[in-house]
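The values are calculated or read from the model by the stated rules, or taken from the named source; none is laboratory data. None of the values given here were measured: they were computed from a predicted structure. In this analysis, Cβ positions are derived from the backbone assuming ideal geometry, glycine residues included, and neighbour counts consider all displayed protein chains.
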Amino acid sequence: MSKPSLIVISAPSGCGKTTIARELRRRHPEIEFSVSATTRKRRLRELHGKDYFFLSKEEFERKIEQGELVEWEEIYGDCYGTLKSEVERVLLNGKMMLFDVDVKGALSIKCKYPDDAVLVFVKPPSMEVLKRRLTHRETEDSASLAKRFARMPMEMEKGKEFDFEIVNDDVTLAVARIEKILGLDSKHAGDVAEK
């Protein structure tokens, strides 16, 4: 398989996809990161343009109307999306771009760029581990946690439509598995489940 231009990583909340994406970028700085646009409130230490493009609901809706988003989704009352201009820039320059998006967004990217995108679904070692991770990270209240838990069965089912599935039982091994999928240099490559 030739190296894809668009690398899309997705997972249920708490599976470590953002940690994996950061480590992959640390090891491979040549890969650009797709910064999503969102209407959700900024968390402590998050930077506009680096972690997300924080937009008002009105700004986000205007981008939808003007066709400026490759994909977008409303999750837990907030909107998230990928800017078309960023994707087109990377494709025109022959670079690689990494996406950290929800499962529906990932499938939308694959639908629009079938020859350029590879989808990797990150699974937890078990549902018990996943629930423990979510509860211990203390970034959500109980109502928000309940919404995330309710969404998990749909996310796990959609993950079956991805090109690859990996288990994040160890971040170093998970990153090595993705490097192997992408044909990137790695010293820790493990087994990879390919469909």
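Number of residues in the range 4-44 that are at pLDDT below 90 and loosely packed, with under 12 Cβ neighbours inside 10 Å: the value is 2.
Screening the range 139-167 for residues that are small (G, A, S) and surrounded by 12 or more Cβ atoms within 10 Å (Cβ to Cβ) and picking the one that is modelled with the highest pLDDT gives G159. On the stretch given as the range 112-166, residues that are polar (S, T, N, Q) and either in contact (Cβ under 8 Å) with a residue 60 or more places away in the chain or touching a Cys at 6+ places or on another chain (Cβ under 7 Å) (or both) total 2. Restricting attention to the range 22-61 and to residues that are closer than 15 Å to L98 by Cα and in a strand (DSSP E or B), the residue that is nearest to the chain's Cα centre (by Cα) turns out to be F33. The single residue among V87, V120 that is closer than 22 Å to P4 by Cβ, under 18 Å from the mean Cα position of the chain (by Cα) and assigned to a strand (DSSP E or B) turns out to be V120.
Within the range 1-49, take every residue that is in contact with a strand residue (DSSP E or B) (Cβ under 7 Å, 6 or more places away or on another chain) and free of Cβ contacts under 8 Å to residues at least 12 places away in the same chain and give me the one that is nearest to E179 (Cα to Cα). Going through the qualifying residues, I end up with E46. Taking the conditions (1) under 21 Å from G49 (Cβ atoms); (2) surrounded by fewer than 18 Cβ atoms within 10 Å (Cβ to Cβ); (3) out of contact with any helix residue (DSSP H, G or I) (no Cβ under 9 Å at 6 or more places or on another chain) in turn, K95 satisfies each one other than (3).
Taking the range 52-67 as the range and being surrounded by fewer than 17 Cβ atoms within 10 Å (Cβ to Cβ) and either under 21 Å from S108 (Cβ atoms) or in contact with a helix residue (DSSP H, G or I) (Cβ under 6 Å, 6 or more places away or on another chain) (or both) as the test, the residues that pass are K57, E59, E61, R62, I64, E65, Q66, G67.
Restricting I31, I75, I20 to residues that are over 26 Å from P153 (Cβ atoms) and aliphatic (A, V, I, L, M) narrows the list to I31. Of all residues in the range 99-138, those being exposed (fewer than 13 other Cβ atoms within 10 Å of the Cβ), more than 18 Å from M156 (Cα to Cα) and of a type in the set (D, E) number 2. Has the range 160-167 got any residue that is within 16 Å of the chain's Cα centre (by Cα) and among the basic types (K, R)? Yes; the residues of the range 160-167 include at least one that is within 16 Å of the chain's Cα centre (by Cα) and among the basic types (K, R).
With (1) closer than 20 Å to S144 by Cβ; (2) in contact with a Lys or Arg (Cβ under 9 Å, 6 or more places away or on another chain); (3) at pLDDT 90 or above as the list, and H48 as the residue in question, which single condition is left unmet? Only one criterion is unmet by H48, namely (1). Summed over the range 62-84, the residues that are outside any loop (DSSP other than H, G, I, E, B) and without any contact (Cβ under 8 Å) to a residue 12 or more places away in the chain give a count of 3.
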